[in-house]
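Structure first, commentary second.
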């Protein structure tokens with residue numbers, strides 16, 4: 001009887017562990033970034049086997065993530081990141097060149113890059129329509 005109770009307790013504990021496992025959000029972001037970086041240096045042409053493995057592992061990780069199989073998703077996403085990094089390195093090693101510089105998502109916009117934006121707390125500029133009669137007859141004449 002005691003062994004039966006222990007077995008049921010372990011079974012329930014195992015079921016709870018899969019329910020309460022955290023989502024591998026960071027692993028997903030890292031894997032996506034790694035595969036994207038490999039693509040930017042033409043790894044699909046320069047290191048096709050590694051790039052294909054990275055893309056397949058990323059696809060598997062995303063699928064498992066959607067089905068909430070987080071432990072399987074995490075393992076696949078870690079593999080995707082690793083294959084993506086290797087594909088990027090091998091592509092650069094054999095002459096791959098980054099086509100565009102990755103944009104820093106944390107960079108602050110500058111006034112030169114966004115000249116038409118106004119600060120949120122600034123009042124809107126005065127928009128006074130000028131018709132031809134008012135411009136030709138001014139009160140100071």
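Quick note: the coordinates plus some simple rules give every number you see, no bench work behind them. Every value quoted in this text rests on a predicted model; they were computed, and no experiment measured them. Counting neighbours? That spans all protein chains shown, and the Cβs are built from the backbone with ideal geometry, glycine included.
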Discussion item. What percentages make up the Cα-Cα pair-distance distribution of the stretch 23-93 when the bins are 5 Å wide from 0?
Written reply: 4, 25, 30, 20, 12, 7, 2, 0
Worksheet, complete the sentence: Residue separation between residue 67 and residue 25 times 0.36 nm, minus their alpha-carbon distance, gives in nm 13.7 nm
Worksheet item: What order, most packed first, do the peptides 30-43, 53-66 have when packing is the mean number of other Cβ atoms within 10 Å of each residue?
Response: 30-43, 53-66
Practice prompt. Compute the length gained on full extension between residue 56 and residue 97: take 0.36 nm times their separation in residues and subtract their Cα-Cα distance, giving the result in nm to one decimal.
Written response: 12.4 nm
